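A.B. asks: Here's a structure for you.
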Amino acid sequence: MSAGHSTYTPKSGLGRWMDARLPLPRLVYDSFVAYPVPRNLNYAYTFGGILTLMLVAQIVTGIVLAMHYAANTEVAFNSVEKIMRDVNSGWLIRYLHSNGASMFFIAVYVHIFRGLYYGSYKAPRELLWILGCIIYLLMMATAFMGYVLPWGQMSFWGATVITGFFTAIPVVGDWIQQLLLGGFAVDNPTLNRFFSLHYLLPFMIAGVVVLHVWALHVTGQTNPTGIEVKQKTDTVAFTPYATVKDAFAMVVFLALFAYFVFYIPNFLGHPDNYIEADALKTPAHIVPEWYFLPFYAILRAITFNIGPIDSKLGGVLAMFGAIAVLFVVPWLDTSKVRSAVYRPWYKLFFWLFVINAIFLGWLGSRPAEGVYVAMAQGATLYYFAFFIVIMPVLGLVETPRRLPNSITEAVLEKKSAGVPATEQAKG
Amino acid sequence: MRKGIFAMKSILNGLAALGLGLAAVTAANAAEYPIKKPVEQDWSFAGPFGTYDKGQLQRGFKVYREVCAACHSMNLVAFRNLEDLGYSEAQVRAIAAEYEVEDGPDDSGDMFMRAAKPSDRFPAPFANPQQAAASNNGAVPPDFSLIAKARAVERGFPTFVFDIFTQYAEAGPDYIHALLTGYEEDSHGHEVPEGTYYNPYFISSASLAMAPPLSEGMVTYDDGAPETVDQYARDVAAFLMWAAEPHLEARKSTGFVVMVFLLLFGGLMYLTKRKIWADVH
């Protein structure tokens, strides 16, 4: 996958035989052993590896669960409970899978924020970034459909509300919704197709991940300085350096994962999902999973009509727009300097954006009434302003700090100044 | 069971009304209840090393079968599961035999009643939800298999953040205990519809259709535990937690091994990482 010169030399006869026919060992060697990575990567850069681990973990636990699960509204809820009660270690596999989804999103949010902080999306990595956005979108679709499968109250009503969004689209909206549902309401056809797609999409994610990693290995990784690799001393070999660092980060992340699975496995879930779906009883409070809450808050923040667009369509457009805007970030950021380390104002607005996103998440869990609506509108405004106003304008008006000439120089300067690792590469 | 044209119609109506606004409207109602938040209790199964108190589970089971089971089913729990409570195989067989379940069809095609076996699940007190509603003032008594995980009063910010570190996962039993001991005569000005009973701990309204189910001395304990409403509520809440999460002990003990392994392994990884990177920095 790497664009550079291959240094692989097969040592055995079998290796040479293989290399002349299907150079798979060469590909692996060039991509994951000899592949040069910037020497100054910090732990924020380990989340790509963690995400790969989580994808594999979700697929493995998911395949085992599918052996015991039955996608039929009459038995789905009880089949999940059978897994929890009677299948050997079923409780473990199921809790791993349900909490694994949350851990997957925690990791992807850190990964995305890291990209925004260090300007990882900037040329020549626009396609790399867009492929990442596609993965994120596929993850959201997969997680949403997975949440419907246990056929609890939140499964059912969440599916009803979210598929209801599509009816806001003029002309084709109703048709799209009926296609998604396989009927006029959430019912057995919905559950069947969601199960089918929930099984399919992770493999599509895996496919896009291959493209994502491919694109990464063509351009090479960014690093906290945002300066491209210029000389050999700027990099270290992927193995053992990045491998061991990623592995350590994975173990720490797994400890967090295990803490949730073994001690508070239902903390991130909703108690109503332990009640079987009932089309006649609306839960008091329909909320999506926590990782969708910021978008849910944006959806509900649009309580007013804008010209011919009524508030319902406006909310749906704002919600989808909040994700769509990510795709064009490479062209919204006008700054010549890549990393926030050298951009004092961008750094400030970035951290405000992070706090704002968490705040939106909390608002998404509150009822859309009273002061919450006004707060959600303010937070939504900042969400969009960050991308559409701050990013383009700041790039033109901000005076960045002096950049070091190379990664090596940045590392050496940091060392001689004795600055702690987190503040590295400040120049 | 819940399918058919009736359900379909009501979903359509619901959907039409729902739009995106209804969720907000109903949420507004939800915010008022419960009037009082449950008080946190001490549970033997709380914390990283928590285990069920078998004596308490047996007492709780006694309360369930003598009081609650008259109205509340427990469809997902089988008699064989009672061995978790410390009963021997023979005792479980004897307990099961006290129940009758429907079986069949037999050779002539008829359904028949027989004594339950350990592999049977607890028979439900009502044949269907309609019958249950008709006998209970229109309210279906919820199934108890998962009730301890299906009820949790919202903790609010910032308590829910602290809950991660304190491993608070007992909202269900706390709620059950609070509800069972929380009935009050004086409704403090809240409207209490005919046939319902004021209870400030009830999660979705000011009053519920269930009359106060427990009274002092109504269940005889043979292990010397106090025969009070508070003790009954505590015991049945613990029993229901077990019914909802029968593998809790296995989960926590496995968790300890996993955490110790990951911390040790993580420590070794860190040292390896430092050694490998020593020549770079």
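What follows is calculated from the coordinates using simple rules that are stated; it is not laboratory data. No experiment lies behind these values; they were computed from the predicted model shown. Cβ: placed from backbone, ideal geometry, glycine included. Neighbour counts: every protein chain shown.
A.B. asks: Once the Cβ-Cβ distance between A:Lys232 and B:Leu271 is put in as r, and R0 is 25 Å, what FRET efficiency do you end up with, to the nearest 0.05?
C.D. replies: It comes to 0.35.
A.B. asks: Continuing with the same structure: When only C-alpha pairs under 8 Å and at least 6 residues apart count, what is the relative contact order of chain B, in percent?
C.D. replies: Once normalised by length, the contact order is 24 percent.
A.B. asks: Related question: Once every DSSP H run of n ≥ 4 in chain A is given -39500 (n - 2.57) and the sum is divided by its residues, what mean residue ellipticity at 222 nm do you get, rounded to the nearest 500 deg cm²/dmol?
C.D. replies: Helices in chain A give a 222 nm mean residue ellipticity of -20000 deg cm²/dmol.
A.B. asks: Output the direction-averaged projected area (hull surface divided by four) of the convex hull of the alpha-carbon atoms of chain B, in nm².
C.D. replies: The Cα convex hull of chain B, projected and averaged over all directions, gives 24.1 nm².
A.B. asks: Now for a separate question. Can you tell me the FRET efficiency between A:Trp214 and A:Ser89 if r is taken as the Cβ-Cβ distance and R0 is 22 Å, rounded to the nearest 0.05?
C.D. replies: Rounded to the nearest 0.05, the efficiency is 0.05.
A.B. asks: Given the convex hull of the Cα atoms of segment A:189-231, what is a quarter of its surface area in nm²?
C.D. replies: Result: a mean projected hull area of 4.4 nm².
A.B. asks: If r is the Cβ-Cβ distance from B:Val257 to B:Lys54 and R0 is 30 Å, what FRET efficiency results, to the nearest 0.05?
C.D. replies: 0.85
A.B. asks: So which of A:Lys232/A:Lys336; A:Lys336/A:Lys415; B:Lys37/B:Lys62; A:Lys122/A:Lys336 end up more than 20 Å apart by C-alpha?
C.D. replies: A:Lys232/A:Lys336; A:Lys336/A:Lys415; B:Lys37/B:Lys62
A.B. asks: Would you work out if segment B:63-185 is rounded, prolate or oblate? Take a ≥ b ≥ c from the square roots of the eigenvalues of the alpha-carbon gyration tensor; rounded if a/c is under 1.5, else prolate when a/b is larger than b/c, oblate otherwise.
C.D. replies: prolate
A.B. asks: Using θ = phi - 60° and the Karplus curve 6.51 cos²θ - 1.76 cosθ + 1.60, what whole-Hz ³J(HN,Hα) does each residue of segment A:377-384 get, with Gly and Pro shown as x?
C.D. replies: Each residue's phi maps through the Karplus curve to give 5, x, 5, 5, 4, 5, 3, 6 Hz.
A.B. asks: To the nearest 500 deg cm²/dmol, what mean residue ellipticity at 222 nm is calculated for chain B from DSSP H runs of n ≥ 4 alone, each contributing -39,500 (n - 2.57), summed and divided by the residues?
C.D. replies: Mean residue ellipticity at 222 nm (helix-derived): -13500 deg cm²/dmol.
A.B. asks: Then there is this: Using just the Cα positions, wrap the protein assembly as shown in a convex hull and report its mean projected area in square nanometres, one decimal place.
C.D. replies: Value for the protein assembly as shown: 39.0 nm².
A.B. asks: Can you pull the mean other chain C-beta count within 10 Å for peptide B:267-280?
C.D. replies: 4
A.B. asks: Just rank B:Asp163, A:Asp333, B:Asp174, fewest to most, by other beta-carbon atoms within 10 angstrom.
C.D. replies: By the 10 Å Cβ count, ascending: B:Asp163, A:Asp333, B:Asp174.
A.B. asks: Something else: Modelling each spin label as a point 7 Å along the Cα-to-Cβ direction, I'd like the A:Asp19/A:Thr334 distance in nm, to one decimal.
C.D. replies: Those two pseudo-labels are separated by 5.1 nm.
A.B. asks: With a 10 Å radius around each residue's Cβ, average the other Cβ atoms per peptide and rank A:220-229, A:370-379, B:196-205, highest first.
C.D. replies: Most protected by this proxy first, the peptides run A:220-229, B:196-205, A:370-379.
A.B. asks: Using the Karplus curve 6.51 cos²θ - 1.76 cosθ + 1.60 with θ = phi - 60°, work out ³J(HN,Hα) for each residue of segment A:332-343 in order, rounded to whole Hz, and write x for Gly and Pro.
C.D. replies: After applying 6.51 cos²θ - 1.76 cosθ + 1.60, I find 7, 7, 9, 5, 7, 8, 7, 8, 5, 4, 9, 10 Hz.
A.B. asks: By how many degrees, 0 to 90 and rounded to 10, does the Cα axis of helix A:243-263 deviate from the longest principal axis of chain A?
C.D. replies: Approximately 20 degrees, to the nearest ten.
A.B. asks: Counting only C-alpha contacts under 8 Å and six or more residues apart, can you give the relative contact order of chain A as a whole percent?
C.D. replies: Once normalised by length, the contact order is 21 percent.
A.B. asks: Give a quick list of trypsin sites (Lys or Arg not before Pro) in segment A:1-82 that DSSP marks as loop, anything other than H, G, I, E or B, with at most 14 other Cβ atoms within 10 Å.
C.D. replies: Taking segment A:1-82 and a limit of 14 other Cβ atoms within 10 Å, the loop trypsin sites (Lys or Arg not before Pro) found are A:Lys11.
A.B. asks: Express the relative contact order of segment A:225-376 as a whole percentage, based on alpha carbon pairs under 8 Å and six or more residues apart in sequence.
C.D. replies: This gives 31 percent for segment A:225-376.
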